[in-house]
Structures are given as C-alpha cells and as structure tokens.
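The block underneath contains the structure these notes are about, expressed in structure tokens.
The values are calculated or read from the model by the stated rules, or taken from the named source; none is laboratory data. Computed from a prediction, not measured in an experiment: that's the story for all the values here. Every residue, glycine among them, receives a Cβ derived from its backbone with ideal geometry; neighbour counts consider all protein chains shown.
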Amino acid sequence: MPIRRFLKFINRLFKKKKQIRLGIYGPPNGGKTTLANRICLDWIGEELGSVSHIPHETRRVQMKEKIVIQSGDGKTLDLTIVDTPGIATKIDYEDFVRKGLSKKEARVRAREATRGVIEAIKWLDNVDAVLVVLDATKNPVDQVNITILGNLEARKIPFLIVANKIDLKKANVTRIREAFPNAKVIGISAKYGHNMDKFYEALFDMVE
Amino acid sequence: MSKKISIKLVPYEEMRRDMDAVFNELKKGSIVLIDAKISPEEESEIIAKTMENIDLRFKGIEISTIDVKKEEKKGKGSKIFLTLEKIKKALTGKERGITIIGPASLIKKMEKTPEEIYLYM
C-alpha cells in the first residue's frame, strides 16, 4: 500500500541509527586488524591499523568511530570499531627473534604485547557486541578461544564467530562450527573480501 | 637421566585467597592442579595476572579446565544433581571439575577432550 510505504519511509528517515561499540577479539594472528581494515575500507574508504605476519602487531586497542553501515533493506548501524590486541597465555620474546626482530626489538614487543592482552581483557566491559576472529586453518578447540567465548556468554554480550582465511586451502569452517555448535559462525576472507555480504547480514542479525 | 616434575595441588579456596602463591609455584616450574573448574572470568583474571608476571625467564602458561562428567549430567536424577551443583556453586563459587595450569617453559601445548587433558612437554 503506498501510504504504508510512505509512512515506513518517513519512519526510516527520522529513526535514530543504532549505535554499537563493536569489539574485535581473538588469539594473535587470526586477522582481527585485517577484518577491521576491511570493514573500514568497505564503508569509509580508509584503513584502521597495520598488519604483519609477526604475531602481536596490534599491541594497543585501536578505535575507529562513525562507521555507518547499511543493510540491503535500509537498516543502518553506527559502529565504533574496537580492534583489540590478540589474547594469549604466553608471550616469548624469542619467538619474535625467530621471526627476524633484533633481541632489543623483540623484548620491547613482548613487553608491549603483555600490556595489550591486559588492555584487551579490560575492554570486555566496554563493548556492546563482539566479533571473535579465528584462523580457520587452525584447531579451534583452544583454551584462549574457550575463555573468550565463556567470558562473552557470562557477560551476556552478543557475539559472532568469524572464521577467517577461507581463501587458504587448509581452512575448515565446519570444524569451527562443530567445536562451538551453539554459536553463529561465518566464514570469510578478510584479506580478499570473500563472503563479506553474508558477514554483514550476520552482523545485523547479531545486534538486532 | 630422568627429569623430575613437580605437581602442586592447590585448593580452589586457596587460589581465590592468594593468586600470587599460585604464580610463585608456576615460576618455580611446578604444574598447578586446582580442585575445581574455574570460571571464564577467573580464567581471564589468571591470563591478566600471567601477563603481569611475564619476564625474560617466565614466558607464560598453558591452562586447561575439565567439566563435570557428561554421563553424570545425563544420568538418573540428573536434575537433582545439577540443582545441587548449582546451589553448591552459588554458595562456594566452586564448580566441580579440575583446572590444570603449567608453565609454558615446561608444557609446550595442552589438548583436551571432554574427559581427558593431554600435556605435551
């Protein structure tokens, strides 16, 4: 009916955008910053942070405000993206040396990474919804992943598991679904932008 | 020559009272066994505490928890059993199960099934 459609249009015009502080969590090197960059590139045309093959590249919480995203049916979300350092139970500076850093650089990186993990845990109290980014080529039954998901459930924070790196041959999204059968899991490649439409749909479903 | 490994049993209540004592044991190279399944919030507390303790010698931990046996949850009178467990947890904060924490310098990896924990040294 044209009148109903018109009222809907007016309603949408004056409806306040839903504001969400969206945390991006996960173990190191799962692709959290790559996903944050992908979302930022898709909607505001600029990246959020640098990425590296050396773990713990993100050692401080990085934020980007006013990322307004739109669904196919006209709904909008006003996101503040909170990209957090990877959560780990161990940090060995010698691992960084093996990746090519000098001893001095490696020690600084390790010290900063420990502070980053603490900061990421503290931020759990300040986010409205969370994307848990897991590397789909790795075994998902890991105590760090279980701890992150357990904390989100205990705090009643809605979350979506993002199985990243589906462009790689060894990726196995089914294994992640089987490990966490009660959670919604979406497979993507943040690096190449594969399956991002489905990802945005799942994101809208999560926060509604 | 055979290698000696120390396993220290720490009651849950003691862990809650004095977390530093747990880390003293881990830094000495002991594996710590707690007589309860700690909660996810307590796990994140332990991770944060681990990060505060990391230095050139102490590289972190491996941690794993194991739940009440699944068969017991399914068995006869399971509702009564689970209700009693919930009451006990509400009163003591203690959930049935075990938690194992080891220094990362000693334990390379932990893997678990619903009933077993594997330690790779």
Candidate set from region B:32-74 (those that are more than 11 Å from chain A (Cβ to nearest Cβ) and surrounded by 21 or more Cβ atoms within 10 Å (Cβ to Cβ)); member that is modelled with the lowest pLDDT: B:Ala36
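Residue by residue, here is whether (1) touching a residue at least 40 places away in the same chain (Cβ under 8 Å); (2) among the aromatic types (Phe, Trp, Tyr); (3) buried (at least 20 other Cβ atoms within 10 Å of the Cβ); (4) assigned to a loop (DSSP other than H, G, I, E, B) holds:
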site: A:Gly30; (1), (2), (3), (4): yes, no, yes, yes
site: A:Arg38; (1), (2), (3), (4): yes, no, yes, no
site: A:Asp42; (1), (2), (3), (4): yes, no, no, no
site: A:His53; (1), (2), (3), (4): yes, no, no, yes
site: A:His56; (1), (2), (3), (4): yes, no, yes, yes
site: A:Glu65; (1), (2), (3), (4): no, no, no, no
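Residue-by-condition table, conditions (1) at pLDDT 95 or above; (2) in contact with a strand residue (DSSP E or B) (Cβ under 9 Å, 6 or more places away or on another chain); (3) farther than 18 Å from A:Val51 by Cα:
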site: A:Glu105; (1), (2), (3): no, no, no
site: A:Asp125; (1), (2), (3): no, no, yes
site: A:Val130; (1), (2), (3): yes, yes, yes
site: A:Thr147; (1), (2), (3): no, yes, yes
site: A:Arg155; (1), (2), (3): no, no, yes
site: A:Ile176; (1), (2), (3): yes, yes, yes
site: A:Ile186; (1), (2), (3): yes, yes, yes
site: A:Val207; (1), (2), (3): no, yes, yes
Residue identified as part of a helix (DSSP H, G or I) and either in contact with a Lys or Arg (Cβ under 6 Å, 6 or more places away or on another chain) or on the phi < 0 side of the Ramachandran plot (or both) among A:Asp167, A:Asp197: A:Asp197
Scope region A:82-128; condition touching a helix residue (DSSP H, G or I) at 6+ places or on another chain (Cβ under 6 Å), facing chain B (nearest Cβ under 10 Å) and free of Cβ contacts under 8 Å to residues at least 12 places away in the same chain; matching residues: A:Ile118
Residue in region B:90-99 that is closer than 21 Å to A:Pro140 by Cβ, of a type in the set (S, T, N, Q) and at pLDDT 90 or above present: yes
Qualifying residues in region A:136-193 (those that are among the aromatic types (Phe, Trp, Tyr) and surrounded by 16 or more Cβ atoms within 10 Å (Cβ to Cβ)) - the one farthest from A:Ile24 (Cα to Cα): A:Phe180
Number of the exception - A:Pro181 against (1) in contact with a helix residue (DSSP H, G or I) (Cβ under 9 Å, 6 or more places away or on another chain); (2) within 14 Å of chain B (Cβ to nearest Cβ); (3) part of a loop (DSSP other than H, G, I, E, B): (1)
Any chance A:Gly45 is modelled with pLDDT of 90 or more and of a type in the set (Gly, Ala, Ser): yes
